[in-house]
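For reference, the structure discussed in these notes is given below.
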Amino acid sequence: MKAAVCVDTESPLAIEDIPIPEPAEGEVLIHNTACGVCHTDLHVMKGEVRFPLPGVLGHEVSGVVAEVGRGVTAVRPGDRVVGSFIMPCGWCENCARGMEDLCSTFFEYNRLRGTLYDGETRLHRADGQPLSMYSMGGLAEYSVTPATAVFALPEELDLADSAILGCSLFTAYGAVRNVGDVRTGESVAVVAVGGVGQNIVQLAAVSGAESVIAIDVDDEKLALARRMGATHTINSRQVDATEAVMEITGGRGVDTAFEALGSAATTRQATDIAREGGRVVVVGIPPAGTVLDVDLARVVRRKIQIKGSYGARARQDVPALVRLLAAGRLDLSSVISRRVGLEEAPATYQALDRGEVLGRAVVLTGA
């Protein structure tokens, strides 16, 4: 099969021919249809997040089940499926207490070692050299993932577009529903409306937020945010965003401010616009070692809550998202601005790094 391999942090992705992997017990082999292009992959490519290389990145996939390992009954060959980037083990302490988004096994084995949960990768070069897996290693024609992270899709959902459910929409859902706890009639601001930010906008709107304020420096992204449900938009390159938010909210600030880029500056902006007793939800993944400098006296005296949000709970939240999509409550297609073949993956990530991708790009791995 063809795969986009991250060889090192100095080179663009390389398209290589490698053996098709095989699923072990409790695992699923997916013939990938598409893989979303996520900024988190860029952190690995640029060496901003430590991860063993060479490896195959890409962590939001959709496709058709090609084979299942022993003991897998939830899906079967031929099923149309989507995968979640967090692949819960189901047995660690955090999974047992309902916190699959903090699965200890996932972080210890996959994120630190680039393997699945027996300590082995399923991906190798033709000469036998192991290739690390970032989640399932979705930038390839086939990928292997634990069955706990694979979910059937109804026929009415577009298979390729559904790839971004597994990270972009999944992450936004965890932030809005599980951490931000957005309620009907509340005010929300989203700082940085890239792929995840756009989905936070639409989920906040669906959750009944009275005002949804999108903040960015790109007018095209702000226009898309309007279409996704934003009631107000602010170009922070042109005006003072804090002043603009205060004017919109009558001087109060917002009930919940989401940060969706992963920088100290945008996180500080989110804390500045939160109202008394408000919530700041940090969703974007910053480079390792990024430090936040905030006015702690203001945080304490105004009882502002600063919370981190990483993904969602796969086995509870992906089925809920599938139901919302099937009911027509959410829109995936409008978030996707580029659909490219696997050979174009290296250039697409370079475009993402330059800030040229509106919403989300999708690599059609099965094309």
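Counting only protein heavy atoms and a 1.4 Å probe, tell me what percentage of segment 181-308's accessible area is made up of carbon and sulfur.
Carbon and sulfur together cover 47 percent of it.
Over segment 1-151, what is the relative contact order in percent, taking alpha-carbon pairs closer than 8 angstrom and at least six residues apart?
Value for segment 1-151: 32 percent.
Treating the beta-carbon of each Lys and Arg as +1 and of each Asp and Glu as -1, no other charges, what is the dipole magnitude of the chain about its Cα centre, to the nearest 20 debye?
About 980 debye.
Quick one: Cα convex hull volume of segment 181-308, Å³ per residue?
It comes to 94 Å³ per residue, whole-number rounded.
Sort out for me the Cα centre separation of segment 241-255 from segment 63-81, rounded to whole Å.
49 Å
Determine the sum of side-chain charges near Gln129: Lys and Arg each +1, Asp and Glu each -1, restricted to other residues whose C-beta is under 14 angstrom from that of Gln129.
Its environment carries a net charge of -3.
Per 10 Å bin, what is the whole-percent P(r) computed from every C-alpha pair distance within the chain?
6, 26, 34, 23, 9, 2, 0
Under the definition of Cα pairs under 8 Å and six or more residues apart, what whole-number percent is the relative contact order of the chain?
After rounding, I find 19 percent.
Select from segment 96-136 those trypsin sites (Lys or Arg not before Pro) which occupy a DSSP coil region and have at most 12 other Cβ atoms within 10 Å, ordered by residue number.
In loop regions of segment 96-136 (DSSP not H, G, I, E or B), the sparsely surrounded trypsin sites (Lys or Arg not before Pro) are Arg97.
Counting other C-beta atoms within 10 Å, and keeping those with at most 14, which DSSP coil trypsin sites (Lys or Arg not before Pro) do you find in segment 296-367?
Lys303, Arg329, Arg354
So what's the Cα pair-distance distribution over segment 100-157, bin width 10 Å, in %?
21, 47, 23, 8, 0
Work through the residues other than Gly71 whose Cβ is under 11 Å from its Cβ and net out their charges, Lys, Arg +1 and Asp, Glu -1.
Local net charge: -1.
State, to one decimal in nm, how far the label point of Arg301 lies from the label point of Ala265, with both points 7 Å from Cα in the Cβ direction.
Between Arg301 and Ala265, the simple spin-label model gives 2.8 nm.
Could you give the accessible area per residue of the chain, probe 1.4 Å, as a whole number in Å²?
That works out to 40 Å² for each residue.
Taking 0.36 nm per intervening residue step and subtracting the Cα-Cα distance, what contour gain separates Val294 from Asn235 on full extension?
That pair, Val294 and Asn235, stretches by 19.0 nm at full extension.
The values are calculated or read from the model by the stated rules, or taken from the named source; none is laboratory data. Since the model is a prediction, treat every value here as computed from it, not as a measurement. Every residue, glycine among them, receives a Cβ derived from its backbone with ideal geometry; neighbour counts consider all protein chains shown. Each accessible area value is taken on the protein alone, full model and side chains, heavy atoms only, with ligands, DNA and RNA left out. Shrake-Rupley method; radii C 1.70, N 1.55, O 1.52, S 1.80 Å.
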